[in-house]
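Presented below is the structure to which this report refers.
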Amino acid sequence: MTTDLIGHFGRFGGRFVPEALIGALEELSLAHQEALTDPTFQVELMELHRTYTGRPSIITEAKRFAEYCGGARIFLKREDLNHTGSHKINNVLGQALLTKRMGKERIIAETGAGQHGVASATAAALLGLECVVYMGEEDTKRQALNVARMKLLGAEVIPVTTGSRTLKDAINEAMRDWVTNVATTHYLLGTVAGPDPFPTMVRDFHKIIGDESRTQMLELIGRLPNAVLACVGGGSNAIGIFYAFLNDQSVRLIGLEAGGAGVETGKHAATIVGGTPGVLHGTRTYVLQDDDGQTRESHSISAGLDYPGVGPEHAYLHEVGRAEYQAITDDEAMEAFSLLSKSEGIIPAIETAHALAGAMKIGKEMGDESALLINLSGRGDKDVQTAAQYFGIPL
Amino acid sequence: MSLLEESFDLARAENRALLIGYLPAGFPTLDRSISAIKAMIEGGVDVIEVGLPYSDPVMDGPVIQRASETALNNGFTTRDVFKVVATSPVPTLVMSYWNPIERFGVEEFAQELRKVGGEGVITPDLTIEESQSWISSTDKERLHRVYVVAPSTKDSRLTEVSARCSGFIYAASLMGVTGARTDISSAAQALVERIKKVSKTPVCVGLGVSTGAQAREIAKYADGVIVGSAFIKMILESNSESEANLKVKSLATELAAAVRR
């Protein structure tokens with residue numbers, strides 16, 4: 001869906017970076033293009049997915065949860081069953097293989113909740129790469145368990161103490177490291193944001209989710225789903241499952257953003273619903289910003305959606321009307337989190353719970369004849385502490 | 001000929017490099033940034049670069065990050081940058097990340113800057129591919145357009161970027177972010193030599209330059225020397241406005257002497 005050679009999606013995307021990085025982005029772009037058509041690379045990646053990630057991931061029909069969704073049939077694409085517990089591994093293995101292909105030995109990554117950091121540290125351990133993860137100091141405190149996990153996997157975790165000390169600042173710090181060490185280092189960006197080729201490349205590594213799902217749905221119910229739903233922070237799991245359905249005009253594509261305390265309160269991370277077009281972290285997209293173009297802090301109960309930008313392809317899909325974006329509040333997400341846990345025995349990531357809350361609304365709207373496919377992008381083990389606190393369960 | 005171009009000519013006639021000093025607008029307050037710039041000029045800085053504080057400065061090290069945060073916390077708004085430029089008696093450019101310019105309105109930004117006598121803009125994260133509206137707006141307002149190139153920039157790209165620069169070309173002395181370094185790498189000289197092969201536009205070297213000795217080295221091969229973080233440090237390390245301005249002026253004096261060949 002990239003509409004030109006330098007990574008634009010309509011008026012979104014592109015490259016807004018220091019010249020120092022242009023060479024590395026061009027090198028990466030070329031490596032990605034070559035890998036796409038290189039059978040050896042594709043075989044190696046697919047073999048890793050089969051024997052390490054655990055692909056293809058299954059689809060579970062959630063019959064009891066469907067009762068909360070107006071009786072619509074609910075199908076869960078189980079990315080939570082992947083090794084490391086989320087869809088993140090798809091992209092990380094792809095980029096780690098590209099890193100080796102480019103002859104680089106060090107990867108850096110940013111992380112908010114720690115999922116992408118853990119996945120990066122995992123891939124680095126598997127492929128023998130040095131790994132440094134930047135994480136906002138606030139997040140290292142909120143997600144101490146994941147910090148320990150990354151260290152156990154052999155990665156170095158650097159707490160970021162500038163700005164709001166969260167994901168946005170971790171990305172800034174990773175970019176600074178990259179500008180300095182670009183000759184030896186690959187920046188393993190964790191979502192479909194950032195300068196070209198990241199939005200396209202990360203999407204290409206995640207589109208396996210939609211490719212598998214589309215085939216699986218045809219096998220399961222003999223037709224396509226009426227709607228595909230996914231949560232959107234940067235938007236990698238959403239673009240991954242949407243992509244295979246882009247040309248199926250009968251299929252509604254619905255992205256659920258983090259509405260925090262409510263978009264009207266200003267305390268949210270719903271970038272498309274509540275933001276404006278701008279430039280952040282190297283790409284033109286929707287941004288939470290003030291009248292002067294200064295980035296505003298985002299708020300969400302889910303650290304993985306707590307980001308004031310969004311992938312440029314989502315900005316484009318929103319603008320042309322191919323995908324719809326809605327905001328789900330913290331409370332709505334936590335209700336869905338609890339309902340899925342109790343009705344299906346699946347504890348979802350709080351990020352994913354936003355998509356489930358979306359299904360409860362859309363299911364009621366579309367009725368019991370409809371089939372909804374939801375990307376169950378991650379498992380909720382990492383969120384036990386946050387959820388226990390939210391529901392008042394003593395630890 | 002623009003005031004900036006006249007400054008380069010004058011410096012050349014005096015057999016020295018131009019000294020360019022950077023300070024963010026609104027740091028630590030709007031008034032103090034204006035008085036600190038005055039102190040820089042009294043000490044012998046030829047050209048001023050006024051930084052536009054931004055929430056996500058990926059090309060900047062800890063010192064400028066901290067200064068930008070302070071300015072923003074003290075209520076800096078984009079319009080303040082024009083107030084600062086308006087008070088400067090020497091050729092003055094703005095250095096800004098792209099989003100605040102785009103948010104202000106590309107054409108409007110160029111018009112306002114021209115109105116207050118600005119000479120041009122340095123855009124560290126704007127690539128030539130994304131520059132269509134910027135090129136037409138700056139051409140229309142006769143503003144200099146300065147892009148930053150790096151040691152990693154390939155020759156073919158140097159040619160293309162240099163061709164779109166006017167006033168001067170900003171050569172980053174090293175691979176990295178802004179902030180004082182103890183050594184200036186040999187990469188800077190090699191980069192300047194490569195640029196000189198493809199462009200007649202003056203080349204100024206910045207990133208990491210903080211001492212007279214470093215400025216002296218760079219002045220041997222570049223048309224200008226850019227110093228930023230070192231001035232901010234003087235302000236951060238002072239207890240009062242007068243102390244800060246004295247230190248700023250004294251650093252400017254040291255650097256101004258050093259750029260004479």
Residue selected from region A:4-21 under the condition among the small types (Gly, Ala, Ser) and over 20 Å from the mean Cα position of the chain (by Cα), by the criterion most open to solvent (accessible area, probe 1.4 Å) | A:Gly10
Test set (1) in a loop (DSSP other than H, G, I, E, B); (2) more than 14 Å from every other protein chain (Cβ to nearest Cβ); (3) aliphatic (A, V, I, L, M) - B:Met175 fails condition number = (2)
In region B:218-243, anything touching a residue at least 60 places away in the same chain (Cβ under 8 Å), in a helix (DSSP H, G or I) and either β-branched (Val, Ile, Thr) or within 11 Å of B:Met40 (Cβ to Cβ) (or both) is listed as B:Ile218, B:Phe231, B:Ile232, B:Ile235
Matching residues, region A:281-322, being within 16 Å of A:Gly260 (Cβ to Cβ), buried (at least 24 other Cβ atoms within 10 Å of the Cβ) and away from every other protein chain (no Cβ under 14 Å) | A:Ser300, A:Ile301, A:Ser302, A:Ala303, A:Gly304, A:Leu305, A:Asp306, A:Val310
Only residues that are under 12 Å from A:Glu297 (Cβ atoms) and surrounded by 21 or more Cβ atoms within 10 Å (Cβ to Cβ): list them for region A:261-275, please.
-> A:His268, A:Ala269
Would you pick out the residues in region A:46-80 that are of a type in the set (Phe, Trp, Tyr), open to solvent by less than 30 Å² (accessible area, probe 1.4 Å) and over 15 Å from A:Glu369 (Cα atoms)?
-> A:Phe65
Filter result (outside any loop (DSSP other than H, G, I, E, B) and open to solvent by 30 Å² or more (accessible area, probe 1.4 Å)) within region B:1-34 | B:Leu3, B:Glu5, B:Glu6, B:Asp9, B:Leu10, B:Arg12, B:Ala13, B:Leu30, B:Asp31, B:Arg32, B:Ile34
Return the pairs, sorted by first residue and then second, in which the second residue is assigned to a loop (DSSP other than H, G, I, E, B) and polar (S, T, N, Q), the first residue lies in region B:195-212 and is at negative phi and open to solvent by less than 10 Å² (accessible area, probe 1.4 Å), the beta carbons are less than 6 Å apart, and the residues are 6+ apart or on different chains.
-> B:Val205/B:Ser173
Hey, among B:Val121, B:Val90, B:Val84, which residue is among the β-branched types (Val, Ile, Thr), assigned to a helix (DSSP H, G or I) and either touching a Ser or Thr at 6+ places or on another chain (Cβ under 7 Å) or more than 18 Å from B:Ser55 (Cβ to Cβ) (or both)?
-> B:Val84
Matching residues, region A:354-372, being in contact (Cβ under 8 Å) with a residue 60 or more places away in the chain and part of a helix (DSSP H, G or I) | A:His354, A:Ala355, A:Leu356, A:Ala357, A:Gly358, A:Ala359, A:Met360, A:Ile362, A:Gly363, A:Lys364, A:Glu365, A:Met366
Report whether or not A:Lys361 is within 12 Å of A:Ala72 (Cβ to Cβ) and surrounded by 14 or more Cβ atoms within 10 Å (Cβ to Cβ).
-> yes
Could you list, in sequence order, the residues of region A:1-28 that are in a helix (DSSP H, G or I) and within 13 Å of another protein chain (Cβ to nearest Cβ)?
-> A:Glu19, A:Ala20, A:Leu21, A:Ile22, A:Gly23, A:Ala24, A:Leu25, A:Glu26, A:Glu27
Report, by residue number, each residue of region B:105-164 that is polar (S, T, N, Q), within 14 Å of chain A (Cβ to nearest Cβ) and without any contact (Cβ under 8 Å) to a residue 40 or more places away in the chain.
-> B:Thr123, B:Thr127, B:Ser131, B:Gln132, B:Ser133, B:Ser152, B:Thr153, B:Ser156, B:Ser162
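The values are calculated or read from the model by the stated rules, or taken from the named source; none is laboratory data. Quantities reported herein were computed from a predicted structural model and do not represent experimental measurements. Note that we place each Cβ from the backbone using ideal geometry, even for glycine, and neighbour counts take in every protein chain shown. Just the protein is used for accessible areas: all its heavy atoms, side chains included, with ligands, DNA and RNA removed. Shrake-Rupley method; radii C 1.70, N 1.55, O 1.52, S 1.80 Å.
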